[in-house]
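S.K.: The structure's right below; bear with me while I get my questions together.
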Amino acid sequence: MDPYLNFEVIYMKKLSTLLIFLSCATLIACGKGQEINGHNTRTAYKSVKSIKNRLPTDKRIEFEVSFWTIRDAIKDNDEFLDKVDGKAPEEIIAIGKEIYQQRKNAGIAAYTQYSSWEEMIAKFGQERIDQERHTPKDPRDKSNDILYKL
């Protein structure tokens, strides 16, 4: 038997095993893309920013308000990171709603002014729309326009 042929067979087996391993590792890493990385506050904030950019507009504000409501309620960094680590947007929103209700029941004025969670989210959504409407366009944005004049 040719020694080069034997080497190629062994090489191909190892290469295919390596490719399968890398594919599995990539799939596992991509599966965490919709969860908050609570390793530290910096990674948590980065993952929130990444997640919110992938959410539909109607869920984006609710997710952001929920995250910052949790952050406001839990001052201790370690406790906060434990609470949000590995959570998907839906879980963060559920926790945010719980905290809203607890604070409303406690009579905190910032929360009692709203009759419901949905009303509070709608108000923040309207504020965001108003901010975007009144923010002047940056002239540099025009130079980044991908529409070409023919």
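S.K.: Taking θ = phi - 60°, what integer Hz values does the Karplus form 6.51 cos²θ - 1.76 cosθ + 1.60 yield along the stretch 44-61, in sequence order, with x for Gly and Pro?
M.R.: Ordered by residue, 3J(HN,Hα) equals 5, 5, 5, 5, 4, 4, 5, 5, 4, 5, 9, 7, x, 3, 5, 8, 4, 5 Hz.
S.K.: Can I ask one more? Extending each Cα 7 Å along its Cβ direction at residue 112 and residue 54, get the distance between those two points in nm, one decimal.
M.R.: Using points 7 Å along Cα→Cβ, the separation is 4.1 nm.
S.K.: Then there's this: Over every pair of different alpha-carbon atoms in the stretch 41-120, take the mean of 1/r and invert it; report that Kirkwood radius in Å.
M.R.: 13.0 Å is the Kirkwood radius here.
S.K.: Just to verify a number: FRET efficiency for residue 42 and residue 119, C-beta to C-beta distance, R0 = 41 Å, to 0.05? Walk me through the intermediate numbers first.
M.R.: Numbers: r = 33 Å, r/R0 = 0.81.
Approximately 0.80, to the nearest 0.05.
S.K.: A further question follows. From Cα pairs below 8 angstrom and at least 6 apart in sequence, can you work out the relative contact order of the stretch 41-120, rounded to a whole percent?
M.R.: 28 percent
S.K.: In sequence order, what are the phi-derived ³J(HN,Hα) couplings for the stretch 110-123 according to the Karplus relation 6.51 cos²θ - 1.76 cosθ + 1.60 with θ = phi - 60°, rounded to whole Hz, with x for glycine and proline?
M.R.: Those phi angles translate into 4, 9, 6, 5, 9, 7, 7, 4, 4, 5, 5, 5, 4, 5 Hz.
S.K.: Take the cross-link list 52/104; 59/97; 75/123; 46/104; 46/123 and give me the ones stretching past 23 Å between alpha-carbons.
M.R.: 52/104; 75/123; 46/104; 46/123
Only the coordinates and a few stated rules stand behind these numbers; no lab work does. Model, not experiment: these values are computed from the prediction. Neighbour counts are summed over all protein chains in view; Cβ atoms, including those assigned to glycine, are modelled from backbone coordinates with ideal geometry.
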